[in-house]
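Report on the following structure.
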Amino acid sequence: MIVRANQSDLVEELVDEIELELQKRLFETSPKPIGLATGRTMTSVYSSLLTRLKRWPAHQLESLLEGWCSFNLDEYVGLGVEDIPSFIRYMSCYLGDPLQLGPKQLFIPNGIAKDPNHEAFLYLQKLNSCGGIGMQLLGLGANGHIGFNEPPSGSESSCRVVCLSPFTKKQNAFAFGGEVDKVPDYAITLGIQEILQAEKIHLVVTGQTKASILSKLLNSSVSEDLPASWLKLHSNVYIWADQSAIE
Ligand code: GLP
């Protein structure tokens, strides 16, 4: 676990790692897709990453962007790019638009697909056809979810439509003007299985509101009631925490 005094030091160091990973991709013939997350934790990561990328030599940046392929973890069912709280909108705002990434580079489940179950199936098929995730960025839900894998989620759970818990709806209501009732009931998420298949995982946990779930995670054994605990089965996981997330 990497602990730093404050969020900004933590983010800068994490972005050092991400930058190295992205530089490595330039020399690989078919690098695996990058796994991306949304949420408040990730906004400073993306904004720092953008600042760094702007310093790259033009030819390197161009080659990185040409070969860009990322898969987001999740999306609300019923929300599309026109909806401010949608994750597609979030990704366009923080990464897609500034880097001019197209829909065939920055993949995210289609929340407004007519048949969400079929969309989950297609999304997984697409991810598998691209070789699965290389480096995965993850945030931590205050109830221990990763992506939208709510408790209980088994290690074999795969990309699917999930029902959001009242706890998560409350946690995410800030993006819906504080109105819990406006938070969609369902989401499409990559499963624990796809996350565990990533080559390397960075779990980022910041802020005092995450202190109790982080402590629970560090002290628990693996269980479907704490979906993030499945990460303990992975051999290449880095937990990044700021001091306020440590109880
Ligand atoms: C959300 C997302 C997760 C995110 C987590 C933490 O509901 N589905 O991918 O990592 O919850 O969010 P935040 O960073 O806003 O605390």
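The values are calculated or read from the model by the stated rules, or taken from the named source; none is laboratory data. Keep in mind that this is a model prediction, so the values were computed, not measured. All Cβ positions, even for glycine, are placed from backbone atoms using ideal geometry, and neighbour counts span all protein chains on display. Only protein heavy atoms, including side chains, enter the accessible area calculation; ligands, DNA and RNA are left aside. Shrake-Rupley method; radii C 1.70, N 1.55, O 1.52, S 1.80 Å.
Across the accessible surface of the chain, with the other protein chains kept in place and a 1.4 Å probe, carbon and sulfur atoms take up 52 percent. Over the chain, dividing the summed -39,500 (n - 2.57) contributions of all DSSP H runs of at least 4 residues by the number of residues returns a 222 nm mean residue ellipticity of -10000 deg cm²/dmol.
Place +1 on the Cβ of every Lys and Arg and -1 on the Cβ of every Asp and Glu in the chain, take the dipole about the Cα centre, and give the residue among 147, 173, 35 whose Cα lies farthest towards its positive end. Result: 35.
If the segment from residue 219 to residue 238 were pulled out straight at 0.36 nm per residue, it would be longer than the present Cα-Cα gap by 5.2 nm.
In plain terms, if you count all Cα to Cα distances in the stretch 74-188 and split them into 10 Å steps from zero, the share in each step is 13, 44, 37, 6 percent.
Using the structure shown, list the pairs from 169/210; 54/200; 114/170 with a Cα-Cα distance above 21 Å, or answer none.
Violating the 21 Å Cα-Cα cut-off are 54/200; 114/170.
If you run the Gaussian network model on the chain, springs between alpha carbon atoms under 10 Å, then out of 98, 151, 116 the most flexible one is 98.
Roughly what % antiparallel, to the nearest 5, for the DSSP beta bridges in the chain?
30
Placing dummy labels 7 Å off each Cα toward the beta-carbon, the span from residue 174 to residue 27 is 4.0 nm. Distance between the pseudo-spin-label points of residue 19 and residue 142 (7 Å out from Cα toward the beta carbon): 3.3 nm. In terms of its alpha-carbon gyration tensor, the stretch 156-247 comes out oblate; a/c meets the 1.5 threshold, while b/c is at least as large as a/b. Given a Förster radius of 25 Å and the C-beta distance between residue 185 and residue 100 as r, what FRET efficiency does 1/(1 + (r/R0)^6) yield to the nearest 0.05? So, using R0 = 25 Å, E works out to roughly 0.15. Centre-to-centre separation between the Cα atoms of the stretch 183-247 and those of the stretch 133-174: 9 Å.
Note: the stretch 1-140, Cα convex hull, 117 Å³ per residue. Using the Cα gyration tensor of the chain, with a ≥ b ≥ c the square roots of its eigenvalues, what is the shape: rounded (a/c below 1.5), prolate (a/b larger than b/c) or oblate (neither)? Rounded, because the longest to shortest axis ratio a/c is under 1.5. For the chain, the Cβ-based charge dipole about the Cα centre amounts to some 120 debye (Lys, Arg positive; Asp, Glu negative; other atoms uncharged). Highest GNM mean-square fluctuation among 62, 224, 150, for the chain modelled with Cα contacts below 10 Å: 62.
The relative contact order of the chain, computed from alpha carbon pairs under 8 Å that lie at least 6 residues apart in sequence, is 24 percent. The stretch between residue 117 and residue 43 holds 23.8 nm of extra length on full extension. This uses 0.36 nm per residue minus the Cα-Cα distance.
Take every Cα pair under 8 Å whose residues are at least 6 apart in sequence, average their separation, divide by the length of the stretch 53-146, and the relative contact order is 25 percent. Sequentially through the stretch 225-242, phi angles give Karplus couplings (6.51, -1.76, 1.60; θ = phi - 60°) of 6, 10, x, 5, 5, 4, 4, 5, 7, 9, 8, 9, 10, 10, 9, 10, 10, 8 Hz, Gly and Pro residues having no value and appearing as x. Residues whose amide H falls under 5 Å from that of residue 72, counting only those 5 or more places apart or on a different chain, are 36, 107, 108, with hydrogens built in the peptide plane.
What whole-number value in Å² describes the accessible area per residue of the chain for a 1.4 Å probe?
Averaged over the residues of the chain, the accessible area is 46 Å².
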